[in-house]
Every structure is written in C-alpha cells, then in structure tokens.
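Structure record follows, encoded as structure tokens.
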Amino acid sequence: MSLPKDTILETPSVMNVINRSANINRSAKKMVLEEEIVREIKALWTGPTTDVRTALLKEMVGSVVKLRDLDTDVLDVKILHRALKELRYAFRVFRQYRDVKKVSIFGSARIRADDHNYKLASQFGKILSQSGFMVITGGGPGIMQAGNEGAGREHSFGVNIMLPFEQAPNSLIADDKKLVNLKYFFTRKLLLVKETHAVALFPGGFGTLDEAFEVLTLIQTGKTDPIPVVCIESPGGDYWERMMEFLEQQLLSRGLINRSDLALFKVVYSAEAAVEEIQNFFRVYHSLRIVGDTMVIRIQQQLSQRELTQLNQEFFDLLADGQFRQVEALPEEWDEPHISHLPRLVFHFNWKELGRLRQCIDWLNARAVST
C-alpha cells in the first residue's frame, strides 16, 4: 500500500534533517551578524577622536561593557536595551522630517467622535497641516485620532504606548511608517517633547495632565527651550477655567509658582486662535542656544536702537549682570550655518524666571505684529 504524498515529510528522520538544516542556517546567520558587529566596533574605535559623535558612541559602548558586572540586575539590562532600541528607531523615523515644524497634540483617548472637542481637535489638525505643520499624537483613539484625521495621514505621526486596554493605534496611523510603538512612557514623553515645536492640550484624564505638567515643568526649569503651549477647549466648556482656578488658588496663592509662570501657556476656545498663537510665537523669535554662560536668542528681524533700549528697561530682571546686546552669530555657533544670518540677542540670564523669558519672547513677537 502506498503512503499519502506528504507522509514522508512527517517521518522523524526527515524532520530531523530539516530541523538540523534550519539550525545550521540560523547559526551561520548569527555568526555573520556577530562578525559584522565586531567589525563595526573596530571601525568605531579607530574613528577620529575629535569627532563628538564618535566619542559619545565610544562612551556608550563602554557603558554597555560595564553592564557585564554580575551584580547588574537582568531587569535593569532589559529596560536599557528596550529603551535604546525604541529611541534609535524613533530617531530614524523623525530624522527625515527634521526641518518641518511639528505640533504635539495631547488629550483624552476616551472622547468620542460626536464630542465637540473631538471635532475641534480634527479642525485644529486640519488647519495646522494647511499651514505647513505636521502633528504628533499618541497614536491612539479619542483626541489623538481626531488630530491625526484632521491633519491627514501624510502630515501625521503616531507615538503609541502599548497598553493592555484602550491604546491600540488608531486606524489612520496604524500601518503608517510614521507610527512608533513604545513600551515605556518615559521614552514616549521624551519623543513627544523633543521632536515638537509646540504643544496643544485638550481636555483629558491623568495621562493628559501628566503630559501637560511634564511639558510645563521642563520649560519652567529650563530643561527644554521655550515653546508655545496652548490649552484648547470647545466654546462653553470649563475644563481649563477650573484648572486655572486651581493653579491660582492652590499654587500661586501659596507661592508655589510665580505669577509669570502662568505665561507659559494660553487658553483658547477655537482652532484658529490656537494656530494663531503657535504661529505668532515664531514671528520674530526663532530659537535659543546657550553658549558658555551666555544665552543667545536668534530673531527673525533686527531691533531698532529704541526697541533695544526698551527691552533692557522692561526685562532688566532677566539679567544676571550686564545688558541685552544685539550681535551677529557667535563663533561657537559654527555648526548651524543655515541660520548664521539671523541677528542675535545675547545676555547673561539669571535662570530664575523662565516665565518672564516667555513674556520677553512675546514682547519680541509683538514687534512684528505691530509693524
């Protein structure tokens, strides 16, 4: 009696041969990969010692080698390994869009499509994309999905956190190359702030408030450069009104924040007003850099002598010593030749009033609005 056609493939001897062959192939691929890694490390080690990037990578490899210490917990190694992989991949995704301004949109995943704030977030995303911005959301449902839908797939990023509930990527961004899936909240929040030029906050729960206060803390402490932060809500809502009452009655009245810290954000009730606030931030102000003990503010247009005098009078409290001076690009800024033509305001900042620094930026931007 003849055996069925596929029976011979199921016999132990044939399956053993197949398995051994597969194992050999895997071992060969692993060996080739390991050899390639060794070559890469050798090339890194023989690279130019004056190159900052090479020097940092050498230090990173050294840090990894030190983790071989037997006392290093396996869980600690897993955290470092996963975080590094996630960030490396995310940096590559964002790299090709480096020169495009982006706005991170935060808000509740639980807001439904028939909610006024959902429609407002969608409209906001649409106006942003029409104005040349891209949007970054958490990639999930609710406000995040609305922002992605409004901006459109081409102008959207998703930085999704993997949760056991409620946070699968939304349908618009789910299979897009600009979606990044992350295990850790800290890598997610780093990306949402690092890659953005502005932040928009819609009503939300613990997660939204966590993101809101994270951003405000980073700006208030100077750990990130000033950016526009807009709190948006549909007309008639009182979410941000109640939040302002809390900030004023519980924080400001107790001296836990400065009055000027309230200038770090603005509450608006329309998509148009939110976009205008973001665009106004970049009318005169361009960017900020620290060179030694000097703060350098790059501006889009030169100040008149009268305006420079007024600046020194109105914001003298920002100075640790000396005055605001208007100069050309500093020699230390050689690595940013594309903006070397912009005028600079240089001064010794006292680092006590980041809220006042934001008010100073608003004052500078008003020079363009009023002319």
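The values are calculated or read from the model by the stated rules, or taken from the named source; none is laboratory data. Keep in mind that what you see is a predicted model, and the values were worked out from it rather than measured. A quick note on method: Cβ atoms are made from the backbone with ideal geometry, for glycine too, and the neighbour counts reach across all protein chains shown.
Restricting Val180, Val135, Val159, Val193 to residues that are more than 20 Å from Ala212 (Cα to Cα) and not small (Gly, Ala, Ser) narrows the list to Val180.
Table: residues versus (1) in contact with a Phe, Trp or Tyr (Cβ under 8 Å, 6 or more places away or on another chain); (2) polar (S, T, N, Q); (3) not in a loop (DSSP other than H, G, I, E, B).
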position: Thr50; (1), (2), (3): no, yes, no
position: Leu57; (1), (2), (3): no, no, yes
position: Asp99; (1), (2), (3): no, no, no
position: Asp114; (1), (2), (3): no, no, no
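Looking at Asp99, Asp114, which is the one that is of a type in the set (Asp, Glu), within 21 Å of Val199 (Cβ to Cβ) and free of Cβ contacts under 8 Å to residues at least 12 places away in the same chain? After ruling out the rest, the residue left standing is Asp99.
Glu332: in contact (Cβ under 8 Å) with a residue 40 or more places away in the chain and charged (D, E, K, R), yes or no? Against the criterion (in contact (Cβ under 8 Å) with a residue 40 or more places away in the chain and charged (D, E, K, R)), Glu332 qualifies. Within the span defined as the stretch 120-139, one or more residues are at negative phi and at pLDDT below 95.
The residue list Glu214, Glu248 contains one member that is of a type in the set (Asp, Glu) and under 23 Å from Phe281 (Cα atoms), which is Glu214.
Residues in the stretch 347-371 that are in contact with a Lys or Arg (Cβ under 7 Å, 6 or more places away or on another chain) and either surrounded by fewer than 18 Cβ atoms within 10 Å (Cβ to Cβ) or acidic (Asp, Glu) (or both): Ala368, Val369. Does at least one position in the stretch 115-132 carry a residue that is in contact with a Lys or Arg (Cβ under 8 Å, 6 or more places away or on another chain) and in the same structural domain as Asp210 (by TED's automatic domain parsing)? Scanning the stretch 115-132, I find at least one residue that is in contact with a Lys or Arg (Cβ under 8 Å, 6 or more places away or on another chain) and in the same structural domain as Asp210 (by TED's automatic domain parsing), so the answer is yes.
Table: residues versus (1) surrounded by 14 or more Cβ atoms within 10 Å (Cβ to Cβ); (2) without any contact (Cβ under 8 Å) to a residue 40 or more places away in the chain.
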| residue | (1), (2) |
| --- | --- |
| Ile232 | yes, no |
| Gly237 | yes, no |
| Arg259 | no, no |
| Gln305 | no, yes |
| Leu318 | yes, no |
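Tell me, please, whether a residue that is aliphatic (A, V, I, L, M), surrounded by 14 or more Cβ atoms within 10 Å (Cβ to Cβ), over 25 Å from the mean Cα position of the chain (by Cα) and outside any helix (DSSP H, G or I) can be found in the stretch 270-284. Checked against the condition, which is being aliphatic (A, V, I, L, M), surrounded by 14 or more Cβ atoms within 10 Å (Cβ to Cβ), over 25 Å from the mean Cα position of the chain (by Cα) and outside any helix (DSSP H, G or I), the stretch 270-284 yields no hits at all. Within the stretch 208-263, the set of residues being in a helix (DSSP H, G or I), acidic (Asp, Glu) and out of contact with any strand residue (DSSP E or B) (no Cβ under 7 Å at 6 or more places or on another chain) comprises Asp210, Glu214, Glu241, Glu245, Glu248, Asp261.
Residues in the stretch 296-313 that are over 20 Å from Asp225 (Cβ atoms) and in contact with a Phe, Trp or Tyr (Cβ under 7 Å, 6 or more places away or on another chain): Leu308, Asn312. Exactly one residue out of Arg82, Arg95, Arg68 is outside the structural domain of Lys183 (by TED's automatic domain parsing), exposed (fewer than 10 other Cβ atoms within 10 Å of the Cβ) and closer than 28 Å to Ser156 by Cα: that is Arg95.
If only one of Val296, Val327, Val284 is within 30 Å of Lys126 (Cα to Cα) and of a type in the set (A, V, I, L, M), which one is it?
Details: Val296 fails: within 30 Å of Lys126 (Cα to Cα); Val327 fails: within 30 Å of Lys126 (Cα to Cα).
Just a single option satisfies the conditions, and that option is Val284.
Close contacts from the stretch 130-156, counting a first residue that is among the hydroxyl-bearing types (Ser, Thr, Tyr) and surrounded by fewer than 21 Cβ atoms within 10 Å (Cβ to Cβ) and a second that is assigned to a helix (DSSP H, G or I) and modelled with pLDDT of 95 or more, with Cβ to Cβ under 9 Å and a gap of 6+ residues or different chains, come to Ser131/Val275; Ser131/Ile278; Ser131/Gln279.
The residues in the stretch 157-173 that are touching a residue at least 12 places away in the same chain (Cβ under 8 Å) and either surrounded by fewer than 17 Cβ atoms within 10 Å (Cβ to Cβ) or in a strand (DSSP E or B) (or both) can be counted, and the count is 9.
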